[in-house]
1. From the backbone phi of region 162-168, what are the Karplus-calculated ³J(HN,Hα) couplings (6.51 cos²θ - 1.76 cosθ + 1.60, θ = phi - 60°) in whole Hz, Gly and Pro given as x?
2. Please give, to one decimal in nm, the separation of the simple spin-label points placed at Arg353 and Asp110, each 7 Å out from Cα toward the Cβ.
3. Just to confirm my numbers, what's the Cα centroid distance between region 134-193 and region 320-341 in Å?
4. Using θ = phi - 60° and the Karplus relation 6.51 cos²θ - 1.76 cosθ + 1.60, list the HN-Hα couplings for region 324-338 in order, rounded to whole Hz, with x at every Gly or Pro.
5. Can you give the three extents of the C-alpha atoms in region 145-198 along their principal axes, from longest to shortest, in whole Å?
6. Over the alpha-carbon set of region 239-340, divide Rg by the Kirkwood Rh and report the Rg/Rh ratio to two decimals.
7. What are the residues whose amide H is under 5 Å from the amide H of Gly166, where those residues sit 5 or more places off or on another chain and H is modelled from the backbone?
8. Over region 248-374, with every protein chain in place, what whole percent of the accessible area is carbon and sulfur at 1.4 Å, could you tell me?
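The values are calculated or read from the model by the stated rules, or taken from the named source; none is laboratory data. None of the values given here were measured: they were computed from a predicted structure. Ideal geometry is used to build each Cβ from the backbone, glycine not excepted, and the neighbour counts take in all protein chains shown. Note: accessible area is taken over every heavy atom of the protein model, side chains too, but ligands, DNA and RNA are not part of it. Shrake-Rupley method; radii C 1.70, N 1.55, O 1.52, S 1.80 Å.
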Amino acid sequence: LPTMQEARADEPASYQPGFRTMGIWIPETGERLDVAVWYPSVRAPSEIHLGDWTLDVARGGKEVPGRFPLLVISHCTAGSRLAHHDTAEALARAGFVVAAPTHPGDNSNDTSSLFLPEQLTARPRHVSTTISKLLLAPETAPMIDPARIGVIGFGTGGATALLLAGARPDGTRYANYCERTTPGDPYCTKWAAERLSRLPVALRPLQPGPGDNEPVPGAPTASPAAHAPQAGQGSPAQSPQATMADARVRAVALVAPGYGMLFPRASLARVTVPVAILKADDDEVNRAPLHADALRAALPRPPEFTVLAGADHYALMAACPPALQRDLPELCGGVDEETRQAIHRVLNARLVRFFLSTLGEAGPPLPVPPPEPEPQIRQAPPPAVN
């Protein structure tokens, strides 16, 4: 099998991947976010073990001076902050700060919100809160350019990225979904259908005109902790029916996106930032004709579009550690490791290229203000001699 170094041979690596973790508490909802952060570092990486995962990073490594674009990863269903760690490492090597929260209620240890409206409505809050925290925390704020922020969404995270970019989902669009898909679609099991039947009440269709400003039942409200604008950092959108949007997000990438049936053309009219869609060619979860392909056709501006040949849905995660392979093999993909690495080389290169073209490269550090001059001591003139 190719080595990790060989797998990175075609990546534009200029930096080493630094790494740290942080915890964020959202008092309004009682949620705790465990967040992993990768960033450009000057220290060479080494192998570290975090839970079941093995990472190749410089833990606590000294930061490269400069202001870097920030990318927030919203992981796939039943994933975690580390589920896409190899992609995060590649992005840090290319000059991005990358943050990934574990979404409460939709991760490998807790799937209680799976197929519920909260699976959609809570994730944007988690991402916006993560952005706000990183722009304030003394260990991360100095390395981030607050004017250049993007989101990468895997699976359900693709819907998260669209919501943050201004999309407004139509819950009624699920009603005839199972008539249009192919057998075995996970959105159409009896258990999933019962949960998804709540979408029309939680996510009403768009009502143009006066009703356009009415709040959406079930959508999260913009809490002060999650969305309070900071000086010089821009502020999230505050339209009542667009409370999930965050104006700080300037570009989004959707990787094997899910919930595509909820986003007809009208619901995407407010998505004006650049969008990239990376379609998993063999996706058995978010089947491309009704998700990736449908979103591509519905977006008001043509997105950058890439087909990841040979990729099933879970081949887009990093290789599963042995414990996850044993306990949840269905999350680990059906491809061998050589194929996974080939897929990830394309995935990582496309993400780097897209975000460099839309957000730009690293900028210089903020100038250090010159020290104030020492006050001059002026001696009193000698008294006049009469």
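1. With the stated coefficients, region 162-168 comes to 5, 4, 5, 7, x, 5, 10 Hz.
2. The answer from the label model is 4.0 nm.
3. Using only Cα atoms to place each centre, the spacing works out to 23 Å.
4. Going residue by residue, I get 6, 4, 6, 8, 9, x, 5, 8, 9, x, x, 9, 7, 5, 5 Hz, with x marking Gly and Pro.
5. 46, 20, 18
6. 1.05
7. Counting only residues 5 or more places away or on other chains, the set is Asp246.
8. Using a 1.4 Å probe with all protein chains present, region 248-374 comes out at 56 percent carbon and sulfur.
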